[in-house]
Amino acid sequence: MNPAAARAVALAAHVGHRTRLGEPLVRHLERVAARVPSAAVATAWLHELGDRGAGSVHDLLAGGITSVELTALELLTYGEGEDFGLYVRRIARAHGEAGALARAVKLAELEDNLEHLPLRWPSRARYNWALEEIRRGKRRSERRTAAA
């Protein structure tokens with residue numbers, strides 16, 4: 001998907017949405033999109049759609065989302081009631097382009113969260129664990145690709 005189109009979808013879908021710290025969600029999306037490789041920018045803009053229940057698959061398909069990007073967004077969607085550890089491991093161990101795309105976005109998101117959360121925020125330990133788990137998954141994937 002064209003990053004500008006993804007940005008437009010995200011801006012429309014997240015009007016009035018805020019982070020846990022009260023910041024407009026769009027600022028978080030901007031920072032995450034700025035941290036990822038160019039191939040992941042559109043996915044970075046869209047990564048909160050599934051968690052926030054905003055937007056539809058039909059709208060994304062009409063906007064030109066690729067099947068790889070759509071699969072990455074599915075990987076990045078933290079399901080209601082889903083165990084956080086299983087969610088992180090699902091992203092860390094996902095194969096192919098979609099897995100690599102999801103890991104790039106999740107790493108950028110976790111890094112952004114850790115930079116902006118207060119030092120005593122309860123989720124920091126969980127985010128640090130997730131960051132290391134995703135990094136390990138990225139290294140495993142890179143080794144598999146190099147060996148192939």
Quiz item: Given H placed on each backbone N at 1.01 Å, which residues far from residue 18 in sequence or on other chains put an amide H within less than 5 Å of it?
Solution: 25
Quiz item: Considering the dipole of the chain built from charges on the beta carbon (Lys and Arg +1, Asp and Glu -1) around the Cα centre, which of 119, 1, 37 is farthest to its positive end?
Solution: 119
Quiz prompt | Taking the stretch 67-148 and dividing mean pair separation by its residue count, relative contact order in percent (alpha carbons under 8 Å, at least six apart) | solution = 34
Quiz item: According to a simple spin-label model (label point 7 Å from Cα along Cα-to-Cβ), what is the distance in nm between residue 129 and residue 83?
Solution: 1.1
Quiz prompt | Average accessible surface area per residue within the chain, 1.4 Å rolling probe, Å² | solution = 53
Quiz prompt | Environment charge of residue 146, counting only residues whose C-beta is closer than 12 Å and scoring Lys/Arg +1, Asp/Glu -1 | solution = +3
Quiz item: How much solvent-accessible surface does residue 19 expose, in Å² to the nearest 10, with a 1.4 Å probe and all protein chains in place?
Solution: 30
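Arrange the peptides 38-45, 6-13, 117-124, 82-89 so that the one whose residues have, on average, the most other Cβ atoms within 10 Å appears first.
Working: 38-45: 22.9, 6-13: 18.6, 117-124: 10.8, 82-89: 13.9.
Per-residue Cβ counts within 10 Å, averaged per peptide and sorted highest first, yield 38-45, 6-13, 82-89, 117-124.
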Quiz item: In debye, nearest 20: dipole of the chain around its Cα centre with unit charges on the Cβ of K, R (+) and D, E (-)?
Solution: 600
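Enter the mean projected area of the convex hull around the alpha-carbon atoms of the chain, in nm², rounded to one decimal. Working shown, then result.
Values: hull surface 34.3 nm².
Its Cα hull, projected and averaged over all orientations, spans 8.6 nm².
The values are calculated or read from the model by the stated rules, or taken from the named source; none is laboratory data. Since the model is a prediction, treat every value here as computed from it, not as a measurement. Neighbour counts are summed over all protein chains in view; Cβ atoms, including those assigned to glycine, are modelled from backbone coordinates with ideal geometry. All accessible areas refer to the heavy atoms of the entire protein, side chains included, with ligands and DNA or RNA removed. Shrake-Rupley method; radii C 1.70, N 1.55, O 1.52, S 1.80 Å.
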